[in-house]
Amino acid sequence: MDGGLLLLLFLVIAAVGIAVLSPLRNPPADFDEETHGDRLADLELRKETKYSEIRDAETDLHAGKLSVEDHRELDRALRTEAIAILEQIDRLHGRPPDQDGRENGRPG
Amino acid sequence: MTTFGRGLLIVALLTALYAAFAALRGARGGGREWVVSSRRAIYALAAVLTAAVIVLESAFVRSDFSFGLVADNSSTTTPTFYKLTAMWSSQSGSLLLWVWVLSLFSAGVLFATKRRLREIVPWATAVLAGLATFFCALLVFKVSPFTSIANPPTEGAGLNPLLRHPSMMFHPPMLYSGYVGFAIPFAFAIGALAVRRVDAEWIRATRRFSLIAWTFLSIGILLGARWSYSELGWGGYWGWDPVENASLMPWLVGTAFLHSMIVQEKRDMLKVWNVSLIAGTFTLALLGTFLVRSGILDSIHAFGASTVGGWFLGLIAVVVAGTAALIVSRLPHLRSERRIDSLLSREAFFLLNNLVLVGLCFVVFWGTFFPLISEAVTGHKASVGPPWFDRYTVPLAVALVLLSGIGPLLAWRRVTLAQVRRLFAVPAAIALVTLAGLALFTDASSSPASLVLFTFGAFTIASVAGEFWRGIRARRLVSSEGPGTALLSVVRRNRRRYGGYIVHAGIAVVLIGVAASSAFNHQVDVRLVPGQSADVGGYHVRYLRPTSSVSNEKLAFGAVLDVRKDGKRVALLRPSRSYFPSLDMRMGPIGRFFGGESTSEVGLKAGLRRDIWTAMQPDLSALQPGIRAGNKQLANAGPKAQAFAIAFLATSYQQKSPAATFRLIVNPMVTWIWLGGIIGLGGALVALWPSALASRRRITSLYAARLGRELSRARA
């Protein structure tokens, strides 16, 4: 292997070493922040999924696949679950449980 | 450069090893910094392996024969298009492709889950890094793609001619992307089991990757079938070959997983089933790689003996035993409190569909490994052929088509009988009309299984169309949109659901094509001289004249066939047989042109109703005296004299007009298979397409508003 390629290989090794080991030498200051962000992202995803299920149930009602009674029961259950998720999101934001606020796309 | 490539692989191995160590340390409470470090190691692994692939590909493009792999699989005359793909025609090159794709997928999923699933991600990283370590170790210690040749030849052996087909450029990377893609949900399933967090979060986080893997695998299988149909010269697209089956098995179980994971997301059920299915899918993907690379079963696809079969077997044993132990130890956490409310529900039919898919996989597995099973039990190898596979797979495939039509019609939890009657009325009526029409006006009833499949296929397509119609109608009830806009709106609002429906329709179209082309094809093998003709499936085929051509790479003998129906010309087909010269000079300077690999170029007239497929095998006995004389007289002649002699032989083939053996096939509806594949791919893309952030926000706020209002009312 010629000198240039050898140097290039050493540069690759050095770059990998720096990229991989730097978090151990200088831990990022936002680890705790990341914890908060992690949980929020998880909850936001769960919220989106729940909303999608509510929409699905509504589509099934209009399509005649669900009776009005079955839809009401399913819809109520899904909304209860969605509310629980919204309350967890509020708690993470440090807000009191929503009464009638219109904050962050959650008008009451 | 080979040393540089080897160096990169060693760096990759050490990086993968470190990523696994750091991830495990982070998972076991060593601190968040270890998890971040392991994630960065995976990013670095992807970068290093990308560099290794670039080094190898550039060697192929430059025809650098100091690379053993390049000398064995390429030549200066290989078109650049095929030079770029020659990497995966070899064992070491394809293993490099495997681990490279794995590193890209791993980096992608770790980036996507950077701020999610904090407990599961370190374990998933450890699994992915462990797999990467295994493949890097193979490349470093067993089958390096960077072996060097001390005295490089001036010319390489060239790419296996059978692989010189556009489908082959994409088939292996697609298959491998499918195989490797399933490693992502598998790794997250293991992570979820390890930390006992077995809700649907791991499924949601990896859902897109599962669908991407399934899509790649589907494309890979279809491209393989297309290659077989147009390149192998036997007239079929699926021969139940072990390597074909190896790709079908993970597809079947992966399809089951894609359905049952929705049940876990929606109903929090089937948790044991889901982790078992994804473990099964990934194990079968490894088994697929093992089958191709071990040479344990005879296959037209086995391009060389392997030295890594034992290693793969060891990995498969570890994956199976480890996953089984983990699932058993977590059974109390995996139990769901929910049960299926009614047999008339979407989840019940999803489960039924799962059982059919797994049953199909079992049949394919049994048939594929029967030679080994029979050898172990009786002492001699016996194999089963297409009729055996057809006997068991056809009824299951028919059931699958029906289920893929019923599933979309049902709602979650339960549907009343009255609703079933209403929802099924139109698709059932269309199916019955199709049945009556086919029975009365065609000869479809001569194959009852095909007739049933056509009927169920019509039912499925009608039920999918009905779902779109109902969706549009429901949308128009709450908006003032026209039908076209409403269609776009319903698909945009639930891409996953409607994308899935399109895939169902695509699969039905594929299976209709398979049934028609299998049951109603007409085939004859005839020996003709120019001027003679043969009849096949109502067509009159006349051998007009022989053809020949010489190029840098190959010598080809062909035929011009005039195909007529009721006296009217339908097509002029030109099948041919190409001969690629061997580098073995012991065959003689002229004989070596006929002693190497040969391929069939089919003459094909494709159409929606039927394909007219032809292949030919020239009779070269008339050329043998000339070949023998050339071998003697031109033993010490230069390349120009040899080229002149070959050109002379090509001309004399046309003048002598010798007989040729032809395979003539009239294959109904094969095009439907490719069209169904394209429809299915379109559906998969719809399901995969990310929602626009803006529209998501708008919808979210609308529903949030409504939810908030109802919440207020409930509290009041």
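The values are calculated or read from the model by the stated rules, or taken from the named source; none is laboratory data. Nothing here was measured: the structure is a model prediction, and the numbers come from that model. Methodologically, a virtual Cβ is constructed for each residue, glycine included, from the backbone with ideal geometry; neighbour enumeration extends over all protein chains shown. The accessibility values were calculated without ligands, DNA or RNA, using every heavy atom of the protein model including side chains. Shrake-Rupley method; radii C 1.70, N 1.55, O 1.52, S 1.80 Å.
Couple of notes before you dig in:
- Residue-averaged beta-carbon neighbours from other chains (10 angstrom radius) around B:112-120: 4
- Counted charge near B:S489, where neighbours are those whose Cβ lies closer than 10 Å (Asp, Glu -1; Lys, Arg +1): +3
- By accessible area with a 1.4 Å probe, ligands and nucleic acids excluded, highest first: order of A:H93, B:H171: A:H93, B:H171
- Separation between Cα centres of the range B:351-378 and the range B:92-129, rounded to whole Å: 31
- Shape of the range B:522-669, Cα gyration tensor, a/c cut at 1.5: prolate
- To the nearest 10, the accessible area of B:F81 is 80 Å² with a 1.4 Å probe.
- Other protein chain Cβ atoms within 10 Å, averaged over every residue that makes up B:259-266: 1
- Relative protection proxy for B:621-627, B:30-36, from highest mean packing down: B:30-36, B:621-627 (other beta-carbon atoms within 10 angstrom).
- Accessible area (Å², 1.4 Å probe, nearest 10) - B:M669: 40
- By the helix-only formula, in which each DSSP H run with n ≥ 4 contributes -39500 (n - 2.57) and the sum is divided by residues, the protein assembly as shown has a 222 nm mean residue ellipticity of -22500 deg cm²/dmol.
- The range A:57-81 and the range B:620-646 have Cα centres lying 81 Å from one another.
- For the range B:544-588 versus the range B:190-250, the gap between their alpha-carbon centres in whole angstrom: 36
- For B:K568, the lysines whose Cα comes closer than 19 Å to its Cα, not counting residues fewer than 8 places off in the same chain, are B:K605.
- Partner lysines for A:K50 [C-alpha distance under 20 Å; skip if fewer than 8 residues away on the same chain]: A:K65, B:K266, B:K271
- Number of partner chain Cβ atoms within 10 Å, mean per residue of A:45-54: 5
- Ordering B:G322, B:F349, B:S336 by Cα displacement along the dipole of chain B toward the positive end leaves B:S336 in first place; charges were set at the Cβ atoms of Lys, Arg (+1) and Asp, Glu (-1).
- Relative contact order (percent, whole number), chain B, Cα cutoff 8 Å, 6+ residue spacing: 10
- Dipole magnitude of the protein assembly as shown, debye to nearest 20 (Cβ charges: Lys/Arg +1, Asp/Glu -1, about Cα centre): 1340
- The packing ranking of peptides B:490-500, B:41-51, B:542-552, highest mean first, is B:41-51, B:490-500, B:542-552, where packing means the average number of other beta carbon atoms within 10 angstrom of each residue.
- For the peptides B:519-529, B:436-446, the ranking by mean Cβ contacts within 10 Å, running from highest to lowest, is B:519-529, B:436-446.
- Shape of the range B:619-681, Cα gyration tensor, a/c cut at 1.5: prolate
- Tensor-based shape of the protein assembly as shown (alpha-carbon gyration tensor, a/c under 1.5 rounded, otherwise prolate or oblate): oblate
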